[in-house]
Amino acid sequence: MSNIPAQPQQQLPLQIRYEEMTARYANQVLLNTTAEECYLEFSPGVIFDRGASGAILPIHTRIAMTPVGLLRLYQAIGQALQNYQIVQNAPAPAPQAAQPVSAPVADASEAPAS
């Protein structure tokens, strides 16, 4: 065991910069893994090709990650889905019954003088 005291982690400001703002729809994901890397390959779905008399799964994006990075992604997606289910399953607020409106009661001090 080491007697070196743990260094406090510094909080650094983080700015997010998007290299590309194009969003791509993915309906299917292929996952391939090796001992050192995981590959996520995203596709919009199967396309039937009459010329080749078969089907094609076009891949538009490939992401390589470490297994630890994939585990963190898995945990983040799981948390997002739990939050989504809580919002979707939240009971709707009960409708409130309409309150009858009554005419204001005149105060005796405001009565017209006769």
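The values are calculated or read from the model by the stated rules, or taken from the named source; none is laboratory data. For clarity, every value in this text was computed on a predicted model and none was experimentally measured. A quick note on method: Cβ atoms are made from the backbone with ideal geometry, for glycine too, and the neighbour counts reach across all protein chains shown.
Quick notes on this structure:
- Only residues that are among the polar types (S, T, N, Q), in a loop (DSSP other than H, G, I, E, B) and surrounded by 10 or more Cβ atoms within 10 Å (Cβ to Cβ) were counted in the stretch 43-87, giving 1.
- Condition met for residue 75 (under 20 Å from the mean Cα position of the chain (by Cα) and at pLDDT 90 or above): yes
- All positions within the stretch 18-42 that are among the hydrophobic types (A, V, I, L, M, F, W, C), part of a loop (DSSP other than H, G, I, E, B) and closer than 19 Å to residue 58 by Cα: 23, 26
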